[in-house]
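The values are calculated or read from the model by the stated rules, or taken from the named source; none is laboratory data. Since this is a predicted model, take the numbers as computed values, not measurements. Here Cβ is always computed from backbone atoms with ideal geometry, including for glycine, and neighbour counts include all displayed protein chains. Please note that ligands, DNA and RNA were not included when accessible areas were found on the heavy atoms of the full protein model with its side chains. Shrake-Rupley method; radii C 1.70, N 1.55, O 1.52, S 1.80 Å.
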Amino acid sequence: MGLKVLSALDAAKIQLYHFKAIIIAGMGLFTDAYDLFCIPPILKLIGRIYYLDHHNSDKCSVMPKETQYKTTPTAVVSTLVSIALLGTAVGQLVFGRLGDRAGRRRVYGLSLGMMVLSSLACGFSICKTRNCVLVSLGFFRFLLGVGIGGDYPLSATIMSEFANKKTRGAFIAAVFSMQGLGILASSIVTMAVCRIFEVSSNEPKSETPDEADIAWRLILMMGAVPAALTYYWRMMMPETARYTALVEQNVVQAAIDMKKVLDVPMSEIAEDSPIRLKPPAPPNPSYPLLSKRFLRRHGVDLFCCAATWFLVDVVFYSSNLLQSQIYHRFIKDNNNDVNGYKLAFKVARFQAILAISSTIPGYWVTVYFIDRIGRVKIQMLGFLFMALVYFAIGIPYKYYWSDNIGVGFMALYSLSFFFSNFGPNTTTFIVPAELFPARFRSTCHGIAGAVGKVGAIIGTIGFFWASRNEKDSDKPNPVRMTVALVILGVVCLVGLVLTYFLTRETMGRSLEDNEIYEDELIYHT
């Protein structure tokens, strides 16, 4: 028979603690999105401060009237994004493994602490010369990425192990949807800071004052506040009952921990008779991670989770960087009549509009449907419509869209974000937290996520290649952009095929039933 504490978790009614856990677990994803989406407007400010068309561009001094403003080079933007993604991949591997070896709770606060301290450190990026600022910012963004990466497998695993089987997908999706609020928060904070600094500035509005060097640092540091506010509650969370019962093999403690957070009668979770383990409480699992036996039982699932996450991140991060080419058409970076505050404000406003109109609805439509139509169908639907959108944008790009980015293009571009979030961007976060045994769950989620971030780095580098401007023009090479967008469509079709043939549906099943289960625990009365 099965453990009563696990059966009680699967059947538990929705309670206040479930929603509390969503907020606590979601703060890492919130910080991830805040960090990613505050960078574009910040780099506009950095471009105005440190990239100037005169000989002393490394010095942040009051700019002469004849100074011509320049933008932060695409190579610098791509490098800063890639460094954070590399840190995220490292964090997913390291913290994912620690989550299975030391316990979810023991390392959960460490990842959040890294995010808080690194966000603050990004704002203190040491010196004021361009090269020193960018190097120090890149270093602290790497550390921030490590903390964010660690939060991915831990948050997904903890939420999956606390949730009941009927609404588990919705709860994990709700944790992931905190990214949407992070995007919106980064835009609101950026707009507020820029407007406050602009109003309080005594210098001509056509220039970017020295105080702008404080503004972008403040925006980065504000990302630490929500995460810091949840640190205490994260440290107070008990270990998940599934980890305690199945990995630590302490069923009594699992029942006690469950009783602390969920309103369930003790009679429903306490075992009626002693439970003997056979073999008696081995210190290590019967087969190690990535062994032949592991790969035979879980290799296909791990490959599928990693491959689909890789593919969607290639597309998702390329799409995010594509924004710079879109708002570049509406916001002239080198316009000396617009100061850095207004420039960053307009970029942040653009991102807020996109988040409200497409990104956030995509997350919450998934929350509503994930336990109604299943993970596989949503992932296939998302990949299909993303492919159609990229073909619709990419195939005629050279002949039409390159000179006509307007309402039509923006509508299609918004749809790509909607179906990314109502699709594989969310489901690839959910499925690895449901497929694997408790002793490997966090590790496998971390491996899949790290492979995904490799795809994100490839997408970032690919976008850098595609967005290189034509000679004597501020537009990207239309042939390169056409090829890149069509490739993104093909990548989505590959993801659709992999999902159809390899992804297993996990809806409505207990985590233990989703495993390719071994009879390693034998219960005796």
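Which of the residues spanning segment 40-56 are at pLDDT below 80 and open to solvent by 20 Å² or more (accessible area, probe 1.4 Å)? Full working, then the answer.
Step one: filter segment 40-56 for residues at pLDDT below 80, giving 52-56.
Of everything in segment 40-56, those that are at pLDDT below 80 and open to solvent by 20 Å² or more (accessible area, probe 1.4 Å) turn out to be ASP53, HIS54, HIS55, ASN56.
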Answer yes or no as to whether PHE417 is open to solvent by less than 10 Å² (accessible area, probe 1.4 Å) and closer than 30 Å to MET507 by Cβ. yes
Going residue by residue through segment 116-134, is there one that turns out to be in a loop (DSSP other than H, G, I, E, B), touching a residue at least 60 places away in the same chain (Cβ under 8 Å), more than 24 Å from VAL247 (Cα to Cα) and among the charged types (D, E, K, R)? yes
For ILE219, all conditions in the list (1) buried (at least 24 other Cβ atoms within 10 Å of the Cβ); (2) aliphatic (A, V, I, L, M); (3) over 20 Å from ILE42 (Cα atoms) hold save one; what is the number of the exception? (3)
Filter pass, GLY406 being over 30 Å from TYR50 (Cβ atoms) and either touching a Ser or Thr at 6+ places or on another chain (Cβ under 8 Å) or surrounded by fewer than 16 Cβ atoms within 10 Å (Cβ to Cβ) (or both): yes
So the check is Cβ under 7 Å with 6+ separation or different chains; which pairs have a first residue in segment 475-494 that's more than 15 Å from ASP313 (Cβ to Cβ) and a second one that's polar (S, T, N, Q) and surrounded by 22 or more Cβ atoms within 10 Å (Cβ to Cβ)? PRO476/SER467
Subset of segment 360-380, residues in contact with a Phe, Trp or Tyr (Cβ under 7 Å, 6 or more places away or on another chain) and open to solvent by 10 Å² or more (accessible area, probe 1.4 Å), comes to PRO361, VAL365, MET380
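Considering only residues that are open to solvent by less than 100 Å² (accessible area, probe 1.4 Å) and touching a Cys at 6+ places or on another chain (Cβ under 9 Å), which ones fall in segment 121-142? Steps first, answer last, please.
Kept after step one, since they are open to solvent by less than 100 Å² (accessible area, probe 1.4 Å), are these residues of segment 121-142: 121-123, 125, 127, 129-134, 136-138, 140-142.
SER125, THR129, ARG130, VAL133, SER136, LEU137, PHE140, ARG141, listed by residue number.
Being surrounded by 19 or more Cβ atoms within 10 Å (Cβ to Cβ), in contact with an Asp or Glu (Cβ under 7 Å, 6 or more places away or on another chain) and at pLDDT 95 or above narrows it down to one of ALA174, ALA170, so name that one. Walk me through it before giving the result.
On the way: ALA174 fails: in contact with an Asp or Glu (Cβ under 7 Å, 6 or more places away or on another chain).
Just one listed residue meets the conditions, ALA170.
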